[in-house]
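To start, the structure itself, in structure tokens.
The values are calculated or read from the model by the stated rules, or taken from the named source; none is laboratory data. The structure presented is a predicted model; accordingly, all values stated were derived computationally and were not measured. Ideal geometry is used to build each Cβ from the backbone, glycine not excepted, and the neighbour counts take in all protein chains shown. These accessible areas exclude ligands, DNA and RNA; they are computed on the full protein's heavy atoms, side chains included. Shrake-Rupley method; radii C 1.70, N 1.55, O 1.52, S 1.80 Å.
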Amino acid sequence: MQEKIEILSVSLLEQYHPLVSELRYLSASLGIEFGWHYLLDLTWMLGQMELGSGIRVMDAGAGTGIMQWFLARKGVEVFSVDRLDRAYLPLRYRLLFNVQGLRKGDLKPMVRSIWTQDDHERKPLQKMAVNLRDVLRAGLVSRAAGSVLIYNQDLGDMPEIPDSYLDYVVAVSSLEHNSPQNLKLVLEELIRVLKPGGCLLATLGAARDQDWFHKPSRGWCYSESTLRQVFGLAPKVPSNYESYDDLFDELRNCAELRGQLASFYRKSGDNGMPWGVWDPQYQPVGVCKIKKSVSVDEFVSLGEALS
């Protein structure tokens, strides 16, 4: 694996066709719809990773998204971090996955999730029907071998996760909700929890020349120069920004993504595809950052400084 900046090509859908099919099946089983470019984000990230039992991964800005559940099915120990409160996690996730709270308040007992605070307006029979649907849906998929630790916390301050603890940090279209100034502070915390040699994989919005803010989705689009600066990537780290226009044309004409646009886009103008009209205003870019291992000379210098 090498550090890189890569605008995500729609050719990933064909390159990782079996993975795309697996992600679609899991999403249908869990009742999760994809963000309009998430299949590109997910396949690009997972294509970089070596997964298995004993691997620790943080899903940064996880919400209840599919990445954490997919990783758990591969035997991974997942740290699911989001400022969103998931204490009343829906029943279907608890039935299919070994889910725990990192702290006592991060996940309420399963019985309390049946009557969540935001469901108080539902009639009892409606709620029973939703839970029955979740149970039946859970029966379609075997229980995952890995685990998911729910941590309701801001990404910029994660005191419960030790230094140099994780093999990977993945951030699926979540870091772009930080300003360019705040993004650097968040990245410092994400790098802190990685093992030396560990990898941060993030997808964000790409800007052709200058950073700009996409108001409907409340997300920033970043230029290549900004990504190099905030991620600490050297000029020699490869990038395909020179193909920005060609890749964007391919994205706009991608029938597969256009035809699979999630239903939730049609309900609002405050999202990445306002009112469900296929009209991409930005394209996703992936960044791979490797945490530098401490050299012998640096280790000696650090020891001298502390003595």
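Just one of (1) at pLDDT below 95; (2) in contact with a strand residue (DSSP E or B) (Cβ under 8 Å, 6 or more places away or on another chain); (3) open to solvent by less than 20 Å² (accessible area, probe 1.4 Å) fails for Ala171. It is (1).
For region 235-283, a tally of residues being touching a residue at least 60 places away in the same chain (Cβ under 8 Å), over 19 Å from Leu12 (Cβ atoms), open to solvent by 30 Å² or more (accessible area, probe 1.4 Å) and not hydroxyl-bearing (Ser, Thr, Tyr) returns 2. Restricting attention to region 34-62, the residues that are open to solvent by 20 Å² or more (accessible area, probe 1.4 Å) and over 16 Å from Lys289 (Cα atoms) total 8. Any residue at all in region 84-94 that is under 21 Å from Leu155 (Cα atoms), in a strand (DSSP E or B) and open to solvent by less than 30 Å² (accessible area, probe 1.4 Å)? No, there is no match, as no residue in region 84-94 is under 21 Å from Leu155 (Cα atoms), in a strand (DSSP E or B) and open to solvent by less than 30 Å² (accessible area, probe 1.4 Å).
For Lys292, the test of being at pLDDT below 95, closer than 30 Å to Ser164 by Cα and either open to solvent by 70 Å² or more (accessible area, probe 1.4 Å) or part of a helix (DSSP H, G or I) (or both) is passed. In region 216-226, is there at least one residue being over 22 Å from Gly35 (Cα atoms) and without any contact (Cβ under 8 Å) to a residue 12 or more places away in the chain? Scanning region 216-226 turns up at least one residue that is over 22 Å from Gly35 (Cα atoms) and without any contact (Cβ under 8 Å) to a residue 12 or more places away in the chain. Among the residues of region 180-212, just one is in a helix (DSSP H, G or I), over 11 Å from Leu155 (Cβ atoms) and free of Cβ contacts under 8 Å to residues at least 24 places away in the same chain, namely Gln181.
Per-residue answers, yes or no, for (1) over 18 Å from the mean Cα position of the chain (by Cα); (2) modelled with pLDDT of 95 or more:
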{"site": "Leu194", "(1), (2)": "no, yes"}
{"site": "Ala202", "(1), (2)": "no, yes"}
{"site": "His214", "(1), (2)": "yes, no"}
{"site": "Lys236", "(1), (2)": "yes, yes"}
{"site": "Arg266", "(1), (2)": "yes, no"}
{"site": "Asp270", "(1), (2)": "yes, no"}
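The residues listed here are Glu33, Glu77; of these, the one that is more than 29 Å from Gln283 (Cβ to Cβ) and touching a residue at least 24 places away in the same chain (Cβ under 8 Å) is Glu77.
When region 167-216 is filtered for residues that are among the β-branched types (Val, Ile, Thr) and under 16 Å from Glu6 (Cβ atoms), the ones remaining, listed by number, are Val170, Val172, Thr203. Among the conditions (1) among the polar types (S, T, N, Q); (2) more than 23 Å from Thr226 (Cβ to Cβ); (3) at pLDDT 95 or above, Ser9 misses just one, which is (2). Looking at Val20, Val10, Val57, just one residue is out of contact with any Phe, Trp or Tyr (no Cβ under 6 Å at 6 or more places or on another chain), among the β-branched types (Val, Ile, Thr) and either closer than 28 Å to Gly156 by Cβ or not in a loop (DSSP other than H, G, I, E, B) (or both), and that residue is Val20. For region 63-82, the criterion of being outside any helix (DSSP H, G or I), open to solvent by less than 10 Å² (accessible area, probe 1.4 Å), more than 25 Å from Glu176 (Cα to Cα) and β-branched (Val, Ile, Thr) is met by at least one residue.
For the subset of region 24-54 comprising residues that are among the polar types (S, T, N, Q) and not in a loop (DSSP other than H, G, I, E, B), which member is nearest to the chain's Cα centre (by Cα)? Per the criteria, the residue is Thr43.
Just one of the numbered conditions (1) closer than 28 Å to Trp278 by Cβ; (2) at pLDDT 95 or above; (3) of a type in the set (S, T, N, Q) is not true of Ser80: (1).
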